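Below: one structure, written as structure tokens.
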Amino acid sequence: MVPHKKASLFLTLLFSVNTYAEITLTSAQGTSNERKTYAHQLLQAALNTTAVDNHIDSVKQVPVSYGYDARTYLVTKGQADVTYFPAEKQVEKQLIPIRIPIYKGLMGYRFLLINSKTQAKYDAIMDVSQLKGLIKGTGTRWRMTEVYESHNFLNVKAEKNHSLFKMLNAGRIDYTTRGVIEAAETLNSIERHFPNLKIENSILLYTELPIYFFVGTHNPKLAKRIEAGLLQMIESGQFDKIFYAFYKTIPTSLTLKNRKVFHVENPFLSTETKENALNFWQQHNSPLPF
């Protein structure tokens with residue numbers, strides 16, 4: 001082979017070789033494996049959608065303690081590239097929010113989980129002020145806990161969901177809440193271990209609770225790339241394909257459209273997030289988006 005052809009072949013091989021990068025995503029203690037896998041697949045798909053030339057990114061999950069502060073710290077310090085949790089205006093000053101709600105805002109729609117013997121009490125409730133008179137069990141680190149406390153709900157806190165279920169079963173609290181997309185998982189869990197518990201028949205609490213991907217302020221290019229990827233996926237239908245692979249069933253027995261919807265405003269959202277939510281699936285004080 002003549003020298004110039006050898007050089008040409010070398011350059012072809014050099015620039016056709018795939019280049020790899022690893023994008024780290026926080027994997028929080030206390031988050032279900034289903035939700036971790038969903039976030040992982042969604043982020044990987046967004047990166048694949050916006051890949052250029054022969055560059056390939058792989059997503060690696062980085063274990064971290066449950067709290068939002070721990071995840072924020074890791075991303076701020078560059079020890080993880082991406083995290084995800086409910087939007088909150090103070091965090092949005094520390095990290096770059098990618099304002100596309102990865103659960104379509106549906107985590108803000110909450111069932112009540114109650115003792116099956118107390119259903120009649122909830123049938124009689126006609127507004128949220130009546131609900132505030134009952135004792136609600138809530139997660140110590142839930143963003144929703146701050147929202148409910150700001151509206152003077154009576155809260156008893158626990159670190160783990162299982163502890164809330166035990167307290168509810170023992171009558172120490174009146175109810176707790178679960179997101180509608182968690183319904184199937186919750187029903188399976190309580191049926192086996194807590195047969196006296198059930199999802200209440202008539203009420204749905206609604207709070208604006210968009211869950212976003214966040215990246216560090218030192219990495220705006222990554223933020224723009226993830227946003228562009230998610231938008232392309234929404235347009236192509238790939239976003240829905242991944243979403244419904246994980247959250248395709250809300251039991252019809254839960255009769256969502258026949259429920260009383262009580263709106264509890266989230267005072268911790270930034271103006272930008274409130275306005276942006278209207279561009280996607282979540283609507284302010286809206287009827288059900290199902």
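Readers should treat all values here as calculations from the given coordinates under stated rules, not as data from a laboratory. The structure displayed is predicted, hence computed values, not measured ones. When we count neighbours, we look across all protein chains shown, and the Cβ atoms used for this are built from the backbone with ideal geometry, even at glycine.
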(request) Give, as a single signed number, the net charge of other residues whose beta carbon lies under 14 Å from the beta carbon of Pro63, with Lys and Arg counted +1 and Asp and Glu -1. (result) +3
(request) Please list the non-local residues whose amide H lies under 5 Å from the amide H of Tyr109, H modeled 1.01 Å from N, same-chain partners needing a gap of 5 or more. (result) Val180, Thr207
(request) Would you be so kind as to identify which of Gly237, Gln61, Pro210 lies farthest towards the positive end of the dipole of the chain, taking Lys and Arg as +1 and Asp and Glu as -1 on Cβ and the Cα centre as origin? (result) Gln61
(request) For the chain, build the charge dipole from Cβ charges (+1 Lys, Arg; -1 Asp, Glu) around the Cα centre, then report which of Gly108, Pro86, Leu134 sits farthest towards its positive end. (result) Leu134
(message) Tell me the relative contact order for region 107-206 as a rounded percent, counting alpha carbon contacts under 8 Å between residues six or more apart.
(response) 48
(request) Determine the relative contact order of the chain: mean sequence separation of Cα pairs under 8 Å and six or more apart, normalised by residue count, in whole percent. (result) 26
(request) Answer with a single label: of (i) 22.1, 90; (ii) 18.7, 64; (iii) 23.6, 77, which was calculated as Rg and Dmax of the Cα atoms in Å from the structure in view? (result) (i)
(message) Can you give me the long-range amide H partners of Ile100? Hydrogens built in the peptide plane at 1.01 Å from N, cutoff under 5 Å, separation of 5 or more residues or another chain.
(response) Phe213
(message) Let me spell out the model: positive unit charges on the Cβ of Lys and Arg, negative unit charges on the Cβ of Asp and Glu, origin at the Cα centre of the chain. What dipole size does that give, in debye rounded to 20?
(response) 440
(request) Report, for the chain, the % of DSSP beta bridges that are antiparallel, rounded to 5. (result) 50
(request) Starting from the Cα of Leu256, step 7 Å along the direction of its Cβ; do the same at Asp69; then give the gap between the two resulting points in nm. (result) 3.5
(message) Neighbour counts of other C-beta atoms within 10 Å: give me Asp57, Asp81 arranged from fewest to most.
(response) Asp57, Asp81
(request) Compute the distance in nm between two label points, each set 7 Å from the Cα along the Cα-to-Cβ direction, one at Glu272 and one at Glu22. (result) 3.1
(request) Report the label-to-label distance for Ser150 and Lys89 in nanometres (one decimal), using points 7 Å from each Cα along the Cα→Cβ vector. (result) 0.8
(request) Can you put Phe280, Phe239 in order of Cβ neighbours within 10 angstrom, beginning with the fewest? (result) Phe280, Phe239
(request) Figure the gain on full extension for Ser116 and Ile234 (residue separation times 0.36 nm, minus the Cα-Cα span) and round it to one decimal in nm. (result) 38.5 nm
(request) Quick one: angle between helix 161-170 and the longest Cα principal axis of the chain, in degrees between 0 and 90, rounded to 10, please. (result) 10
(message) With both bridge residues required to lie in region 107-206, what share of the DSSP beta bridges run antiparallel, to the nearest 5%?
(response) 60
(request) Calculate the length of the line joining the C-alpha centroid of region 161-194 to that of region 76-103, in whole Å. (result) 28
(message) Can you compute the charge dipole magnitude of region 107-206 about its Cα centre, using +1 on each Lys and Arg Cβ and -1 on each Asp and Glu Cβ, nothing else charged? Give it in debye, rounded to the nearest 20.
(response) 260
(request) Starting from the Cα-Cα distance between Lys157 and Thr31, subtract it from 0.36 nm times their residue separation and give me the gain in nm to one decimal. (result) 43.6 nm
(message) How would Lys257, Lys132, Lys274 line up from fewest to most surrounding beta-carbon atoms within 10 angstrom?
(response) Lys257, Lys132, Lys274
(request) Amide H neighbours of Thr24 under 5 Å, at least 5 residues apart or on other chains, H built in the peptide plane: list them. (result) Lys60, Asp81, Val82
